[in-house]
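Inspection log for the structure reproduced underneath, given as structure tokens.
What follows draws every value from the coordinates through simple rules; no lab data is involved. For clarity, every value in this text was computed on a predicted model and none was experimentally measured. No Cβ is skipped: glycine too gets one built from the backbone with ideal geometry, and neighbour counts run over all protein chains shown.
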Amino acid sequence: MSIKKQNPIISITLLILIVNTAAAVEMSFEQKLISSDGLADDRFGYSFDIDGHRAIIGQQFGSGAYIFNYDGTEWVETAKILPDDVESSDLFGVTVSISGNWVLIGSSKDQTDHYDEGSVRFFRYENQQWIEHQKIHASNTMRGLWFGTTVHIDGLRAFVTSGGVNANENQSGQIYYYEFDGTLWREKQIIFPHDGTRQDFFGDDFVIEGDQALIGAGWHDNDEYTKIGAVYYYQFLAQQWVFQQKLIPSDGNNNDYFGTSIGFDGNRALIGGNEEKVYYFRLFGNSWVESQILPEPLDFIYGSFGSRLHLNKDVAIIGASRETTDIFQGGSAYKYIFDAGQWIENQKIRTDDVSERAYFGDSIYFNDQYALIGAPGDSNDNGGVSGSVFIYPMQPDEIFNSTFDMIIED
């Protein structure tokens, strides 16, 4: 967008017009990514992460993770990470994370010593290639642990979820916290909920923001409701992650699955589930307070709104991966902006370049420059349900992104 010498009155009128008509404006994608050697049923794009001009993209059922770099013109696949000793049943690449020259890749059904125990591997970029640095199993590894269900790396810290029913005494799931000591990644703590119940899937989604963490347990039962879900707030104090608060929705009910998706930035959090709702919480001191239930998109009918989302500063992108617009369950996503203390729908994001049941919006991540939106069910040149990822430009200093320019002159 190019704006020349804006008249203040015109500018105010324009802003109101854009907010009220946002649903009619759709973003156009910059590039569609598929893997160079993809196969049917890989579900490429099931997980991904981005750091600067480098992205890592995993897949749910195929083996391997792919590195893409932005060369100034387009995103180019530059490497596939797949160790020789990986079996196709290991699900190596089901979850991925990147930070600087480190990547962390989960293999939640690795069976090195026990059936479905799981493992993760750290790789480091050295001499223009990705070198395996360390493979880790859980310190309490056992059958059915599913260690590596979700991973996150940030600087010299790493977090790994085990989602299996045997994860701890109450079988709720847990998160392993690691630090890099200059030579190896070493386990420092195992985090699990004090009131966890069987198959809570604690840690299925979580966000680390500095010395704070929000950890979801979307299948949690409480005394009133089954599968209402919950989110646990931790702070890093005296070299330990310490529980501070448990968040539940104000209008909770059975099968809400609250905490299935989490966005967290600064003192704001967005939390979704399985009931087409997204909740906005704000941090006051050390306490989170529910402040808004986001309005559904204007033209939204049904389609897993809120089951995936990401938050960065004053912008959120919320998936509706089962929504049918023109393509049956092709999926979509919605951009919201934070304005005057409220989250307001700003833009619908969808594409016709997907197949039926593509589930566009089933994975989402963005920074100040790019948004990545996955369609892991997309059938394309690599075969049925091989998966794809769409990259969109992000321009946070503009009111919205579109395919046209708007110029205001005196």
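So if I take the centroid of the Cα atoms in segment 224-298 and the same for segment 365-380, what is the distance between those two points in Å? Using only Cα atoms to place each centre, the spacing works out to 24 Å.
So which residue, out of LEU91, LEU294, LEU270, gets the largest mean-square fluctuation from a GNM of the chain using Cα contacts under 10 Å as springs? Judging by the Gaussian network model, the answer is LEU294.
Roughly what angle does helix 8-20 make with the longest principal axis of the chain, taking Cα atoms, 0 to 90 degrees, to the nearest 10? With rounding to tens, the tilt is 50 degrees. Comparing ASN367, ASN286, ASN127 in a Gaussian network model of the chain (Cα springs below 10 Å), the most mobile by mean-square fluctuation is ASN127.
A Gaussian network model of the chain, with springs between Cα atoms under 10 Å, assigns the largest mean-square fluctuation among GLY361, GLY384, GLY163 to GLY384.
List the GluC sites (Glu not before Pro) in segment 56-157 that DSSP assigns to loop (not H, G, I, E or B) and whose Cβ has at most 13 other Cβ atoms within 10 Å. Which are they?
GLU74, GLU87
Its relative contact order, with pairs defined as Cα atoms under 8 Å and 6+ residues apart, puts the chain at 15 percent. Our estimate of slack between ILE301 and GLN239, defined as 0.36 nm per intervening residue step minus the Cα-Cα distance, is 17.7 nm. Quick one: Cα centre-to-centre distance for segment 130-161 and segment 43-60, in angstrom? Taking the Cα centre of each part, segment 130-161 and segment 43-60 sit 17 Å apart.
Restricting attention to segment 27-393, the count of lysine pairs at 8 or more positions apart or across chains with alpha carbons under 18 Å apart stands at 11. A Cα-only calculation for the chain places Rg and Dmax at 21.0, 73 Å. Counting Cα-Cα pairs of segment 216-274 in 10 Å increments starting at 0 gives whole-percent bin shares of 24, 48, 24, 4.
Restricting the GluC sites (Glu not before Pro) of segment 244-345 to loop positions (DSSP other than H, G, I, E, B) with no more than 12 neighbouring Cβ atoms within 10 Å leaves nothing. Ordering TYR70, TYR46, TYR234 from the fewest to the most neighbouring beta carbons within 10 Å gives TYR70, TYR234, TYR46. Dividing the convex hull volume of the alpha-carbon atoms in segment 336-397 by its residue count gives 97 Å³ per residue. Ranked for footprinting exposure by Cβ neighbours inside 10 Å, fewest first, ASP368, ASP353, ASP326, ASP200 give ASP326, ASP368, ASP353, ASP200.
Among the GluC sites (Glu not before Pro) found in segment 166-269, those both in a DSSP coil and sparsely packed, with 14 or fewer other Cβ atoms within 10 Å of their Cβ, are GLU169, GLU224. Taking 8 Å as the Cα distance limit and 6 or more residues as the minimum spacing, I'd like the relative contact order of segment 131-279 as a percentage. Over segment 131-279, the number comes to 14 percent. Binning the C-alpha pair distances of segment 118-201 at 10 Å intervals from 0 yields a P(r) profile of 18, 47, 25, 8, 1 %, listed from the shortest bin outward.
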